[in-house]
1. For the stretch 33-80, what's the relative contact order in percent, using C-alpha pairs closer than 8 Å and at least 6 residues apart?
2. Using the Cβ atoms and a cut-off under 13 Å, what net charge is assigned to the surroundings of T150, where Lys and Arg are +1 and Asp and Glu are -1?
3. Local charge sum around E30 (other residues, Cβ-Cβ under 15 Å, Lys/Arg +1, Asp/Glu -1)?
4. Please name whichever of G184, P143, L239 sits farthest to the positive end of the charge dipole of the stretch 11-266, dipole taken about the Cα centre and charges placed at Cβ: Lys and Arg +1, Asp and Glu -1.
5. Could you compute the net charge surrounding G178? Neighbours are other residues with a C-beta less than 10 Å from the C-beta of G178; K and R count +1, D and E count -1.
6. Got the relative contact order for the stretch 11-266 handy, in percent, Cα pairs under 8 Å and 6 or more residues apart?
7. Note down the nm distance, to one decimal, between modelled labels 7 Å out along Cα→Cβ at N113 and at R35.
8. For the stretch 140-272, calculate the relative contact order in percent as a whole number, restricting contacts to Cα pairs under 8 Å that are 6 or more residues apart.
Amino acid sequence: MRQLFAFFLVLAVIMSAEALAQTPATVTAEWVPSRTVYKISMLKAPNSQLAAIDGEMTDSSAITCDGSTVEQVMTLRFLPSDGGAEAVIKTSLTQWEASDGLSFRYINRTWANGQLVETNQGEAKLAGPGQGGSATSSLRKEPIALPPGTLFPTGLWHAVLRSASAGKSQLETSFFDGASTPSGGLSVVVATIGAMRPLGKTKGLVQPSGAAVSWPVQMAHYAPGSSDGIPYGQSGFSLMANGAAEAILLDIQQAKLRMDLTDYKVIPKPKC
């Protein structure tokens, strides 16, 4: 889940009740390609017009012979309190990223009650390691300039996992994911990484890579050139040593939602 939820988009960390339990001093973290499934339930609805929201999300990440792929589908069902018809919002993303982190392709789609309402697709290329480049979007006429050192979704995910396992508390980088934002999916990301802690209730569900630990991670997305210090979007999740997210809270303005990991399967690497 490299792009964690560009469609809905304010997330917060879930803190485990075991946060203060004893954990190893150091761990080896390694991203493992996997298919994860999350159950979505409503925690709070400040909007009295909503009786309930539920749904599910599936995220599949795989290694290919020339890079890696991500496929993510999220479905949310909104039930009004007046007994009216249920509304269903579905989003999907498909991504490919080169193994050297220099090329990226994406397709994002949104449906409302079964009708396709938006498609955004494009590609991005960097001139070389640590260099800048450009990106395209079917929603924009002009190309998007990418600053030197820009990371794409999988690259950012790996960088955060490496930083967490190395005991670092912060990572800042230019980032591009093709999301439908005023800047065309380009942002400055600041990731804040909390102290390592034991896995929660997913310990029996997931066979971890290395130690059974996780790190609370919060990401803030800032518009390029912003000087007010206010992020336009925030995300938070509990990152396991195998690179999967253990737990997530979503704030979609209409309500606060909880996402619980319900299934985890490793996707084998190809023989190239």
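Computed from the coordinates by the stated procedures, all read-outs in this text should not be read as laboratory data. Quantities reported herein were computed from a predicted structural model and do not represent experimental measurements. Quick reminder, even Gly has a Cβ in these numbers, built from the backbone with ideal geometry, and neighbours come from all protein chains shown.
1. Values: 83 pairs, mean separation 19.1, N = 48.
Over the stretch 33-80, the number comes to 40 percent.
2. Details: positive: K125; negative: E97, E172, D177.
Here the charged neighbours net out to -2.
3. Working: positive: R162, K269; negative: none.
Net of charged neighbours comes to +2.
4. It is L239, whose Cα lies furthest towards the positive end.
5. Values: positive: R105; negative: E123, D177.
Computed value for this residue: -1.
6. Over the stretch 11-266, the number comes to 25 percent.
7. Each label point lies 7 Å from its Cα, and together they span 3.2 nm.
8. Working: 216 pairs, mean separation 22.8, N = 133.
Result for the stretch 140-272 is 17 percent.
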